1. Within segment 112-211, considering only strands (runs of 3 or more DSSP E) that don't extend past its boundaries, which have at least 2 residues that are modelled with pLDDT under 95?
2. Just one of (1) in a helix (DSSP H, G or I); (2) open to solvent by 10 Å² or more (accessible area, probe 1.4 Å) trips up GLU251, so point out which.
3. Of the residues GLU206, GLU156, GLU231, which single one is touching a residue at least 24 places away in the same chain (Cβ under 8 Å), crowded, with 17+ Cβ neighbours inside 10 Å and not aliphatic (A, V, I, L, M)?
4. When you look at ARG280, is it among the basic types (Lys, Arg), crowded, with 24+ Cβ neighbours inside 10 Å, modelled with pLDDT of 95 or more and under 16 Å from LEU433 (Cα atoms), yes or no?
5. State which residue is nearest to the chain's Cα centre (by Cα) when the search covers only segment 417-448 and only residues that are open to solvent by less than 20 Å² (accessible area, probe 1.4 Å) and of a type in the set (Gly, Ala, Ser).
6. Only residues that are within 23 Å of SER196 (Cβ to Cβ), open to solvent by 40 Å² or more (accessible area, probe 1.4 Å) and touching an Asp or Glu at 6+ places or on another chain (Cβ under 9 Å): list them for segment 18-75, please.
Amino acid sequence: MFEFGEDKPKEECGVFGIYAPDQEVARLTYYGLYALQHRGQESAGIAVSNGRGINVHKGMGLVSEVFSDRIVDSLKGKMAIGHVRYSTTGSSLLANAQPLVVHYQKGMMALAHNGNLTNASDLREELGKNGAVFQTTVDSEVIINLITRYRRDSLEDALVKTMMDLRGAYALVILAEDKLFGIRDPLGVRPLCIGSLGGRYCLASESCALDTIGAEFVRDVEPGEIIIIDEEGLHSRRGLMITKQASCAFEYIYFARPDSTMDQLNIAESRRQMGIELARECPIDADLVIAVPDSGTASALGYATALGIPFGEGLIKNRYVGRTFIQPTQAMREVAVRLKLNANASVLKDKRVVMIDDSIVRGTTSSKLVEMVKNAGAKEVHFLISSPPVAYPCFYGIDTAEREKLIANKLDVEGIRKYVGADSLHYISEEGLLRALGTESVCLACFNGSYPIPVSNLNRGKKNFESQNIF
């Protein structure tokens, strides 16, 4: 019997930045991070510049735990950046929390990063040989060391040279003493967008953060683009030319909030279209369609509408459960599943049920959900998944675990069906997913192993470097 852990990949990080001398930038950043809390619940931080120096506060925990009104009020300045983070267990340290702040010959700089570098170990070794000293185990520190090494003339030129050295996925917000920068990797794997607030500008991982502070969405940062925001407004510079775009498909499937829009695609509508595609690929004669909330809800509604089957709340989510608890025993892990989700027996009893979820990564939680729905009285449970099977690890900022721990790497669809205990199991096809998104400019590496950014054989085996955002 395979021992798989939780089904869901861990969240990525979220970044936010704002230049607004006439606003309370720290408080606006706090609200922006609050809107991005789903992208990281382990640490949070805000760095503020007053034009002469940079002040930072960061800590372990949720945004509301790290910041009080007193702390937010103490962070005075004309521009700020913020970060929420999830890390692997070994790198859950305050030293690794962001933004990172450095003093160097030209002054001070702060950086917040969402993504993962595939050549971080090589760069770290090279920098170390040239005298660089590292205070953290995160690859973001490699980036800030490269910038300071190249910082002889303009900071913009240093950023371009740094981008030439980086391999992997990154969305960066960088705070200098008088400017705010936003950078997106040349394939656009990780998201970053621009907002406008009272004639000033801000940057965020998702547009929902812009909505929260009352900013107007301007556009997405283009892949390979450097955004410069200063007293004169917003400027753009081409960092690296792009040959193709490969935005992370999992942003649309699972990570992003449904009220966000990324690269002209609305998340909720994209998920609804995934449900419609599932209905085309796998129509089932059923009495009820239910979702595994929340990321499966829009797909379930799309499926139910397409086939004219009633949609019901068969699984109820506890909205007050935040970060995952430490579960030392299998019995406690099962309690944790029930704590987050509970079956609504009055809706499920004697029904042939289609249950739709966004993904199965390892399988254990899925099996508990199927069992829960059947124990609540469902006659049949047909399990539909709005992503293809996750059979390969991600090296670009998502922790899908090592390949041998992925259930789709061990078992075929029929084997997974038996493992989770469903009466039938269907994953959306890659073609169906692309039809739902209406674009082929997405990264599907975790489904088919076709990595758009080269990954070394060492990385393909086992990660030997603690990235700041390996899920």
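The values are calculated or read from the model by the stated rules, or taken from the named source; none is laboratory data. Quantities reported herein were computed from a predicted structural model and do not represent experimental measurements. For neighbour counting, all protein chains shown are included, and Cβ atoms are generated from backbone atoms with ideal geometry for every residue, glycine included. Surface accessibility is based on the protein's heavy atoms, side chains included, excluding ligands, DNA and RNA. Shrake-Rupley method; radii C 1.70, N 1.55, O 1.52, S 1.80 Å.
1. Qualifying strands (runs of 3 or more DSSP E): 168-175.
2. The number of the failed condition is (2).
3. So the residue among GLU206, GLU156, GLU231 that is touching a residue at least 24 places away in the same chain (Cβ under 8 Å), crowded, with 17+ Cβ neighbours inside 10 Å and not aliphatic (A, V, I, L, M) is GLU206.
4. no
5. Only one residue tops the list, namely ALA445.
6. PRO21, GLU24, ARG27, ASN50
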